[in-house]
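Here is the structure we will look at, set down as structure tokens.
Nothing in this text is a laboratory measurement; each read-out follows from the coordinates by a stated rule. Everything quoted here is computed from the prediction, not taken from an experiment. Cβ sites come from the backbone with ideal geometry, for glycine too, and all protein chains shown count toward neighbours.
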Amino acid sequence: PSGRGPVVLMFSGKTGPGLYEEFARRLAGSGYTVLLYDGNDFPVNQTELCQSKIRAIIRHDVPLSAALPGKAAVIGYSLGGAVALACAAGMKEDIAGVIAYYPATSVIADHDACVERLNVPVRVLQGEEDRYFNCCTIEAIRQISAKAGGQGREVELFVYPRAGHGFNLGPMKNKELDEDSWSKTLEVLKKYLPGESLL
């Protein structure tokens, strides 16, 4: 951004950061300091290592001249959504909240342990008909969401009927769903990172 903004970390899907640069630029245009990373570089099922890598980003990669002090928010897509859920959502000292787009729940080895670690607010944006390699099914994320709710953990699940994987992405992009999910993203970021005047 042109000034100092709250920090948002983005984690890409398995295809790497390229398809997600549009979202990073769009978010930076709203006044956030955005750092985009390849979700493949974060070991979802090695929690301590995964979290230490995220912590190192916050400590060392964020340019002080561009970032406001305080916690960061996290946005993850597909595989990056799994990183957000399994790792970042258990880091309340550093992370204010998590947004997971169609998270790859199939790569999370222990869903119960993932739920047990959740200690920041989570918003999930999910296509109801997502059958992309069965990585990110509605059934799995509904089970995780229900279990989290039963334990008093804050997980909001928004389901888009008839939508598949990557409903806001590249050749599969649905303009209406992209606009709605982006609106929901900006809305909850203001909740996670309150009190700052953004562009």
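Testing the spin-label approximation: label points 7 Å from Cα along Cα→Cβ at Ala146 and Asn119. State their distance in nm.
Once both label points are built, they end up 2.7 nm from each other.
What's the extension gain from Glu139 to Lys184 if we count 0.36 nm per residue and subtract their Cα-Cα distance? Working shown, then result.
On the way: separation 45, 0.36 × 45 = 16.20 nm, distance 2.17 nm.
Working it through step by step, the gained length comes to 14.0 nm.
Before rounding to the nearest 500, sum -39500 (n - 2.57) across all DSSP H runs of length at least 4 in the chain and divide by the residue total; then give [θ] at 222 nm in deg cm²/dmol. Spell out each step's value before the answer.
Details: 6 runs with 64 residues, N = 199.
The helix-only estimate for the chain comes to -9500 deg cm²/dmol at 222 nm.
Relative contact order for the chain: what percent, with Cα pairs under 8 Å and sequence separation of 6 or more?
Values: 416 pairs, mean separation 37.6, N = 199.
For the chain, the relative contact order is 19 percent.
Looking at this model, which pairs from Lys14/Lys184; Lys53/Lys92; Lys14/Lys191 are more than 18 angstrom apart at the alpha-carbon?
Correct reply: Lys14/Lys184; Lys14/Lys191.
Counting other Cβ atoms within 10 Å, keep those with at most 15, restrict to DSSP loop, and tell me which chymotrypsin sites (Phe, Trp or Tyr not before Pro) in region 20-69 are left.
Sparse-neighbourhood loop chymotrypsin sites (Phe, Trp or Tyr not before Pro): none present.
Which whole-number percent gives the relative contact order of region 10-105, counting Cα pairs below 8 Å spaced six or more residues apart?
Computed value for region 10-105: 32 percent relative contact order.
Which order do peptides 122-134, 93-105, 170-182, 4-16 fall in by mean Cβ count within 10 Å, highest first?
Ranking, from highest mean packing down: 93-105, 4-16, 122-134, 170-182.
Computed from the coordinates I sent, Rg and Dmax of the Cα atoms in Å equals one of (1) 19.0, 66; (2) 15.3, 44; (3) 21.4, 73. Tell me the label.
(2)
Would you grab the residues whose amide H sits under 5 Å from the one on Leu36? Only those 5+ places off in sequence or on another chain, please, with H modelled 1.01 Å from N.
Close amide H contacts, sequence-distant or interchain: Met10.
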